[in-house]
1. Condition first: assigned to a helix (DSSP H, G or I), under 14 Å from the mean Cα position of the chain (by Cα) and closer than 11 Å to residue 75 by Cβ. Now tell me which residues in region 1-33 satisfy that.
2. Could you please give the count of residues in region 8-20 that are farther than 14 Å from residue 87 by Cβ and not hydroxyl-bearing (Ser, Thr, Tyr)?
3. Do we have any residue at all in region 64-84 that's on the phi > 0 side of the Ramachandran plot and surrounded by 19 or more Cβ atoms within 10 Å (Cβ to Cβ)?
4. Could you tell me which of the residues 48, 31, 67 is modelled with pLDDT of 95 or more and over 13 Å from residue 86 (Cβ atoms)?
5. Can you tell me which residue is least open to solvent (accessible area, probe 1.4 Å) among those in region 125-153 that are out of contact with any helix residue (DSSP H, G or I) (no Cβ under 7 Å at 6 or more places or on another chain) and of a type in the set (Val, Ile, Thr)?
6. Report whether or not residue 48 is within 21 Å of residue 153 (Cβ to Cβ), of a type in the set (A, V, I, L, M) and surrounded by 18 or more Cβ atoms within 10 Å (Cβ to Cβ).
7. Name, by its number, the condition in (1) open to solvent by 20 Å² or more (accessible area, probe 1.4 Å); (2) over 16 Å from residue 120 (Cβ atoms); (3) not polar (S, T, N, Q) that does not hold for residue 55.
Amino acid sequence: RAAVDYLARSGRRAIGTIAGPPDRAAGIDRLEGYRAAMAEIGVATPGLVAYGDLRQASGEHAMNKLLDRRPDIDAVLAASDQMAVGALRALRRTGRHIPHDVAVVGFDDAPIAGRVTPRLTTVRRPLEELGARMARELLARIAGAPGRNVILGTELIIRDSA
């Protein structure tokens, strides 16, 4: 949601997404967040959703599909940094300039996000906190405590691609 909000505030209107696999929780949750954020800003999403398998090649393929369907696309949010890197490659091959023509945002803040050109704007998950929290929850379950759903926040890391 934060990524879509940021893109909309920066003037982007045709914001697409390269969603993760529809049978995995992360893919489902990220797509739901995208759709909810787009509804909040009042933008319909026909032709703005493509799917990938979280790898670079699938991100490139999905970006090509989005460009075929919606040549007016001016931003894309990928469900992984790897797919975002693939999207960058597809956009460059079609002569689009990043972020001037199309802004790109990834998800994970993987090391590659800071190494690609342009450096990738991305959503960072608190991995260390996640690991510590999982350990505490596991120990609590072993001790007999009931299971809980815990949602940790994310942080939008602004770099050069958006």
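The values are calculated or read from the model by the stated rules, or taken from the named source; none is laboratory data. Just so we're clear, the structure is a prediction, and the values are computed from it rather than from any experiment. Here the Cβ is made from the backbone with ideal geometry for all residues, glycine too, and neighbour counts use every protein chain on show. Note: areas computed on protein heavy atoms with side chains; ligands, DNA, RNA excluded. Shrake-Rupley method; radii C 1.70, N 1.55, O 1.52, S 1.80 Å.
1. Listed by number, the residues that qualify are 3, 4, 6, 7.
2. Total satisfying the criteria: 6.
3. Checking region 64-84: not a single residue is on the phi > 0 side of the Ramachandran plot and surrounded by 19 or more Cβ atoms within 10 Å (Cβ to Cβ).
4. Details: 31 fails: modelled with pLDDT of 95 or more; 67 fails: over 13 Å from residue 86 (Cβ atoms).
Exactly one residue qualifies, and that residue is 48.
5. Filtering first and then ranking leaves 142.
6. Numbers: within 21 Å of residue 153 (Cβ to Cβ): no; of a type in the set (A, V, I, L, M): yes; surrounded by 18 or more Cβ atoms within 10 Å (Cβ to Cβ): yes.
No: the conditions fail for residue 48.
7. (2)
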